[in-house]
Amino acid sequence: GAGVSQSPSNKVTEKGKDVELRCDPISGHTALYWYRQSLGQGLEFLIYFQGNSAPDKSGLPSDRFSAERTGGSVSTLTIQRTQQEDSAVYLCASSFPGLGTTGELFFGEGSRLTVL
Amino acid sequence: DQQVKQNSPSLSVQEGRISILNCDYTNSMFDYFLWYKKYPAEGPTFLISISSIKDKNEDGRFTVFLNKSAKHLSLHIVPSQPGDSAVYFCAASAASYDKVIFGPGTSLSVIP
């Protein structure tokens, strides 16, 4: 489809392992966001990419978290040495430059991470 | 430091009545505000937005009101329908090219 695609949809891993989560944004969207929703919590901002500008990493909770965006399109969120508190749904969103005319972010369905 | 606050974790409303969801923010630089709806196991979907140059925006059953001096906005849904039952997130941005910050959400239940 033409929406934001995230993979895997579900990931179960053991504590201490590294995980990679992938996001394919909508074609033509220059802005890409990663958010995290822990159980019973709101959407926690992680990182924001806008075009060729340096990403806003102010929401990353620790240096175990990193993200990159290759070629201005696909993004990968990497969590190293996972901990149980990393268990959450990781949501990716993309938007037109400057939030477009409505300010809408288009979200994927999320990647549910469970750390045992 | 929560910049976008939704102080009511949940709200129950009878079908056909008005639902009013409130949101407060602390960052005076925010100038663009959005509301999203989220069903379980799905990504959030956009409902309505408002920029700081307006105090009201309406789209069908949904109206957003903005009070900049009070740093407060609200979403009105009228009439409420059972299909409106979901978690509603308020979000804000300091500029059209800045990150979007979300509040913790309010779970709305519309009772038939």
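The values are calculated or read from the model by the stated rules, or taken from the named source; none is laboratory data. Since this is a predicted model, take the numbers as computed values, not measurements. With ideal geometry, Cβ positions are generated from the backbone for all residues, glycine too; neighbour counts draw on all protein chains shown. The accessibility values were calculated without ligands, DNA or RNA, using every heavy atom of the protein model including side chains. Shrake-Rupley method; radii C 1.70, N 1.55, O 1.52, S 1.80 Å.
Values as computed for the structure displayed
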item	result
Magnitude of the charge dipole, the protein assembly as shown, Cβ model with Lys/Arg +1 and Asp/Glu -1, debye to 20	140
Neighbouring partner chain Cβ atoms per residue of A:106-113, average, 10 Å criterion	3
Cβ charges +1 (Lys, Arg) and -1 (Asp, Glu), total dipole of chain B, debye	100
Surface share of carbon and sulfur [accessible, 1.4 angstrom probe, percent] for chain B	50
Chain B - percent relative contact order, Cα under 8 Å, separation 6 or more	37
Chain pair A, B: total accessible area buried, heavy atoms, 1.4 Å probe, Å²	1700
For residues of B:100-109, the mean tally of beta carbons on other chains within 10 Å	4
Solvent-accessible area per residue, Å², over chain B with all protein chains present [probe radius 1.4 Å]	47
Per-residue average of Cβ from other chains inside 10 Å of B:32-44	4
Rounded FRET efficiency, nearest 0.05, which uses the C-beta distance separating B:LYS56 from A:GLN41 and R0 of 25 Å	0.25
Rounded to 5, percent antiparallel among DSSP beta bridges of chain B	90
Total charge dipole magnitude, region A:20-116, about the Cα centre, Cβ charges on Lys, Arg, Asp, Glu only, Debye to nearest 20	100
Estimated inter-spin distance, A:SER58 and B:SER8, nm [label 7 Å along Cα→Cβ]	3.0
Relative contact order %, chain A, counting alpha carbon pairs below 8 Å whose residues are six or more apart	38
